[in-house]
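So the structure is just underneath, and the comments pick up after that.
Rule-based calculations on the coordinates, nothing more; no lab input. Source: prediction; values computed, not measured. Note: ideal-geometry Cβ built from the backbone for every residue, glycine included; neighbour counts use all protein chains shown.
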């Protein structure tokens, strides 16, 4: 069985603002993130998506998806620094 890895990451407020600026509503932006999680599912595996909405933030947790590994996170962090 694969080792379980948990990655917790905060999104820069500027990126959050940019994400929400590209959608008609915050609900559309969240639905896009959920859709991305669905697109990354592992074939033949059960996909679970847990969405928690709080007054100041939200959490999307997936199980059974490919997710982002260390290499993808490094690329994402590098692109955030250029924004």
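Annotations
- Residue 38 in a strand (DSSP E or B) and either touching a strand residue (DSSP E or B) at 6+ places or on another chain (Cβ under 7 Å) or without any contact (Cβ under 8 Å) to a residue 60 or more places away in the chain (or both): no
- Restricting the stretch 35-50 to residues that are surrounded by 14 or more Cβ atoms within 10 Å (Cβ to Cβ) and within 20 Å of residue 10 (Cα to Cα), the residue that is nearest to the chain's Cα centre (by Cα) is 37.
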